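Chemist: Below is one structure. I have some questions about it.
The values are calculated or read from the model by the stated rules, or taken from the named source; none is laboratory data. These figures come from a predicted structure and were not determined experimentally. Ideal geometry is used to build each Cβ from the backbone, glycine not excepted, and the neighbour counts take in all protein chains shown. Keep in mind that these areas ignore ligands, DNA and RNA; they rest on the heavy atoms of the full protein, side chains included. Shrake-Rupley method; radii C 1.70, N 1.55, O 1.52, S 1.80 Å.
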Amino acid sequence: MTDGRSWEGNWVARLYERVRERGYDSLTAFAEARPAVPLNLLAEELGPDDIAGVQVFRGLLAEAERSHRVTRFVRDVLVRELAESLPDGWPAVLDDTSRGEIAMALGTWSADTPETHKERVRQARAALRATPPPPGWRPLSPDDELLLTLLPDEEV
């Protein structure tokens, strides 16, 4: 966890310097080499004292916007959120605890979704609630078959 130094200096330059030090030419390539790893853990790997998860998020979103792959980015954020909130996959039993975990994961995902994709994410959340995935479902990439059904690669 960062100690507050994340926003000091040119954090964008620092972020990309760390990515290049690890042999990647983009933050997206770095993140894709670590599928389903939560953003805060990616940040810790890049700089436990001076890189924050929100900075990784912002960098990934900026790259997705430039490459016109925001929908894929939105799916990727869900994969990472589910990995953190539901590490054992979709719960077999929907009790108060598991419903709360699901709501927290989907709520965080929704809050982090760019405005351009809010409606599509709202529809995807509704679909997941109406027809839950099979127990144990744990998407490992943004190219998961169910996720592609919920949010196909149509840029908005």
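Chemist: Could you do me a favour and compute the accessible area per residue for region 62-146, 1.4 Å probe, result in Å²?
Modeler: Accessible surface, normalised per residue, equals 52 Å².
Chemist: Rounded to whole Å, give me the distance from the Cα center of region 63-90 to that of region 36-53.
Modeler: Each part's Cα centre sits 15 Å from the other's.
Chemist: When the chain is fully extended, how far beyond the present Cα-Cα distance does ASN10 get from ARG22, taking 0.36 nm per residue of separation?
Modeler: Gain on stretching ASN10 to ARG22: 2.4 nm.
Chemist: Multiply the residue gap between THR97 and ARG129 by 0.36 nm, knock off their C-alpha separation, and tell me the result in nm, one decimal place.
Modeler: Additional length available on full extension: 10.0 nm.
Chemist: For the chain, what is the relative contact order in percent, using Cα pairs closer than 8 Å and at least 6 residues apart in sequence?
Modeler: Value for the chain: 25 percent.
Chemist: What's the carbon and sulfur percent of region 1-147's accessible surface, probe 1.4 angstrom, rounded to a whole number?
Modeler: Of all accessible area on region 1-147, carbon and sulfur atoms account for 53 percent.
Chemist: Within 12 Å, Cβ to Cβ, of ARG129, how many net charges do the neighbouring residues add up to if Lys/Arg are +1 and Asp/Glu are -1?
Modeler: Summing Lys and Arg as +1 and Asp and Glu as -1 gives +3.
Chemist: Here's a follow-up. For the chain, find the longest principal axis of its Cα atoms and tell me its angle to the long axis of helix 70-85, 0 to 90°, nearest 10.
Modeler: 80
Chemist: Could you pull the accessible area for PHE30 with a 1.4 Å probe, rounded to 10 Å²?
Modeler: 0
Chemist: Relative to the longest principal Cα axis of the chain, at what angle does helix 96-111 sit, 0 to 90 degrees, rounded to 10?
Modeler: 50
Chemist: While we're looking at this one, here's another question. Per the Debye formula with a single identical scatterer at each Cα and no solvent contribution, what log10 I(q)/I(0) holds for region 1-115 at q = 0.11, 0.18, 0.19, 0.20 Å⁻¹?
Modeler: Each listed q corresponds, in turn, to -0.38, -0.93, -1.01, -1.09.
Chemist: Run the Debye formula on the Cα coordinates of region 63-156, all scatterers equal and no solvent, and tell me log10 I(q)/I(0) at q = 0.12, 0.17, 0.21, 0.25 1/Å.
Modeler: Log-scaled intensity ratios, in q order: -0.34, -0.68, -1.04, -1.48.
Chemist: Hey, another quick one. Run the paramagnetic zone check for SER67: 7 angstrom along Cα to Cβ, then residues of region 4-24 with backbone nitrogen under 18 Å.
Modeler: 15-24
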